[in-house]
Amino acid sequence: RSKHEEIELVSLEEFYKEAPPEISRPAVTLAEPHQQTLARLDWELEQRKRLAEKYKECLTSKEKILKEIEVKKEYLSSLQPRLNSIMQ
């Protein structure tokens, strides 16, 4: 048994539809199951790398937004004492 058997890969239809021809190589992979599996694993790796990069970008964006929210909260909390002094 191989470790790749534990990975749930995209369906063959989806693989041939979405994977670029340089990865899917239909001329070779349709006839050879081993090459097909290797190509599907390559595509899975590409997708996972892309998703990992997108995840990192989202985390960075999230941190930036959280910092902006914190700055705005501080500003809003400092507004109440100013308003009280203006009212007096």
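The values are calculated or read from the model by the stated rules, or taken from the named source; none is laboratory data. What you see is a predicted model; the values in this text were computed from it and never measured. Backbone-built Cβ (ideal geometry, glycine too); neighbour counts: all protein chains shown. The area values use the complete protein model at the heavy-atom level, side chains included, leaving out ligands, DNA and RNA. Shrake-Rupley method; radii C 1.70, N 1.55, O 1.52, S 1.80 Å.
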| said: For segment 14-43: of the residues being among the acidic types (D, E) and over 18 Å from H4 (Cβ atoms), which is farthest from the chain's Cα centre (by Cα)? | reply: E22
| request: Examine segment 70-77 for a residue that is among the polar types (S, T, N, Q) and surrounded by 10 or more Cβ atoms within 10 Å (Cβ to Cβ), and state whether such a residue exists. | output: no
| message | List pairs: first residue in segment 6-19 and under 14 Å from A39 (Cβ atoms) and of a type in the set (F, W, Y), second residue assigned to a helix (DSSP H, G or I) and open to solvent by less than 70 Å² (accessible area, probe 1.4 Å) anywhere in the structure, Cβ distance under 7 angstrom, at least six positions apart or on different chains. | response | F15/S24; F15/R40; F15/W43; Y16/S24; Y16/P26
| query | Does K49 qualify as being open to solvent by 90 Å² or more (accessible area, probe 1.4 Å) and under 25 Å from E22 (Cα atoms)? | reply | yes
